[in-house]
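Below is one structure, written out as structure tokens, with a few remarks after it.
Nothing in this text is a laboratory measurement; each read-out follows from the coordinates by a stated rule. From a predicted model like this one, the values you see are computed outputs, not experimental measurements. No Cβ is skipped: glycine too gets one built from the backbone with ideal geometry, and neighbour counts run over all protein chains shown.
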Amino acid sequence: MSRQTNIRPDISRLWSTLMRSAEIGTTPKGGLKRLALSDEDAIMRQQFIDWCEQAGCTIRIDPIGNIFAERAGTDSDAKPILVGSHLDTQARGGRFDGILGVLAGLEIVRTLNDHNLATRHPITVVNWTNEEGARFEPPMIGSAVFTKQKSPDFAYSRLDKDGISLGEALRKTGFKGEEIVSADQFDSLFELHIEQGPRLDDAKLQVGVVTGAFGVRGFVIEIFGETGHVGPTPMPARRNALVGAAHVTLAIDAIGWAHHETGGKSTTMRIRAEPNLLGALPDYVEMTCDMRHPEEAVVIDMLGAFKTQIPELEARSRCRIVVKEGWSYGGMRFDAECVDLVRTSAKDFGYSTLELLTEAGHDAMHVADYLPTAMIFTPCEGGLSHNEAENVTLADIEPGVNVLLQAVLRRANRV
Ligand SMILES: [Zn+2]
């Protein structure tokens, strides 16, 4: 056991920072609405910066608004270890998703300060911009720009539903930084997060050792039909785009069912029909879809299986079906050494653990392509997340936070 295992974060202090965060953007049902780069997000960001400065950190903000708060190390050649997650939330989100990972990073810095403990590598607490994608799509855009998977200009051009661009929102909130911060400046990343699923809570296990991520494919489907009067138009003459959408939805659902025993999932999750009027046959539908599987190769097969069905779906619906833009992330396994630090730290505390893959998207998945990365999950009540009722107790999070501190300390002091 490490000589530092007796150092524990102050969980009640962490809890009070979480409860202060829960006051910023509170919804009537006790959750949070703190959309990326909204006024509420700006208040929370400033609160986070104030806390980090009070803890002696140096703040850097990059051009996409990611905030990096660094506690210095003793070795000027050693690169900082990133610890963090996101402070933005869904429109009807909870109080812990993402927020726990950022504020636990702050608590680590405060704990090391309390014990006057220096680390060889610096420790940098990070808040990624627009993780949720609830205001600007796609999600996880801050970490995508950080890792150069997306350009800043692409990110700035993203529009919210009111037509405000992410670039404008960055300027309006004052969070368009000028520091050039990139993945090659860092050593590794540790992200603590609530599980957002029920496996830990159901099994009453304390710590999720996240070994990697599901492969994810997102894509947009366009369906082209022809409009006409819903009365006189004979059935054989119709090309109703919503009928095409129905066939597509069922086909995609069936692919999820065909793979569900090995963990596969597929979803049509959003639809827009035109002209969307009484009395008119719909001539256009845009749908957004998502497929996930633990194995990257299988999610590729699932998407392929859908594409091969398109001619048949077109024939049945008499519509033209086009698979448009897509995105992909995940499908990787996290860094073996960093994951092992999490595993052995949990074991040294005697915690019960579950090794699992993350099924949700996280910034760590972007960063994992560039830096040694690991994630730690804490249980959350009933696995409920992206919901105002999302909940954890202090006892739920304490083991994960202890493990985070130990794993980061061991990484930060390795020779
Ligand atoms: Zn999250």
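Across segment 189-195, coupling constants 3J(HN,Hα) worked out from phi with the 6.51/-1.76/1.60 Karplus curve, θ = phi - 60°, read 9, 10, 10, 9, 8, 5, 5 Hz, and Gly and Pro carry x. Taking segment 122-197, which GluC sites (Glu not before Pro) meet the DSSP loop condition and have no more than 16 other C-beta atoms within 10 Å? Hits after loop and neighbour filter: 178, 179.
What whole-number distance in Å separates the alpha-carbon centres of segment 321-358 and segment 201-265? If you average the Cα positions of each part, the centres end up 26 Å apart. Estimated at 0.36 nm per residue, the fully extended path between residue 19 and residue 307 surpasses their Cα-Cα distance by 99.0 nm. Note on residue 11 and residue 337: the model spin-label points, each 7 Å out from Cα along the C-beta direction, lie 3.1 nm apart. Remark: spin-label model distance residue 161-residue 72 equals 4.8 nm, labels positioned 7 Å along the Cα→Cβ axis. Taking every DSSP helix (H) stretch of at least 4 residues in the chain, weighting each as -39,500 (n - 2.57) and dividing the sum by the residue count yields a mean residue ellipticity at 222 nm of -11000 deg cm²/dmol. Here 266, 16 are placed in order of increasing Cβ neighbour count within 10 Å, fewest first, which gives 16, 266. Helix 394-412 axis versus longest C-alpha principal axis of the chain: approximately 70°, rounded to the nearest ten. Taking a spot 7 Å from the Cα of residue 92 along the direction of its beta carbon, which residues of segment 24-54 have an amide N less than 13 Å from it? Within reach of a label on residue 92: 27-33. Annotation: the residues 366, 229, sorted from fewest to most other C-beta atoms within 10 Å of their own C-beta, follow the order 229, 366.
The C-alpha atoms of the chain define a longest principal axis, and helix 39-54 lies at about 20 degrees to it. Pairs spanning more than 26 Å between alpha-carbon atoms, out of 29/150; 161/324; 265/324: 29/150. Any idea what angle helix 336-349 forms with the longest principal axis of the chain, computed on alpha-carbon atoms, 0 to 90 degrees, nearest 10? It works out to around 60 degrees. Ordered by the count of other Cβ atoms within 10 Å of each Cβ, fewest first, 253, 160 give 253, 160. Divided by 2.2 N^0.38 Å, where N counts the residues, the Cα radius of gyration of the chain comes to 1.06. If you look at the Cα atoms of segment 302-398, you get an Rg and a Dmax of 20.0, 62 Å.
Which of these, 194, 271, 11, has the largest mean-square fluctuation under a Gaussian network model of the chain (Cα springs below 10 Å)? Looking only at 194, 271, 11, the largest GNM fluctuation is found for 271.
Extension gain for the segment residue 297 to residue 29, taken as residue separation times 0.36 nm less the Cα-Cα distance, is 92.4 nm to one decimal.
Between residue 185 and residue 117, the modelled label-to-label distance comes to 2.6 nm, taking each label 7 Å out from Cα in the direction of the beta carbon.
Of 285, 227, 269, which is farthest along the charge dipole of segment 215-329 in the positive direction, counting Lys and Arg as +1 and Asp and Glu as -1 at C-beta? The one lying farthest along the dipole's positive direction is 227.
When the Cα positions of 121, 72, 49 are compared along the charge dipole of the chain, 49 comes out farthest toward the positive end, with charges on each C-beta of Lys, Arg, Asp and Glu.
Counting only Cβ charges, +1 for Lys and Arg and -1 for Asp and Glu, the dipole size of the chain around its Cα centre is about 220 debye.
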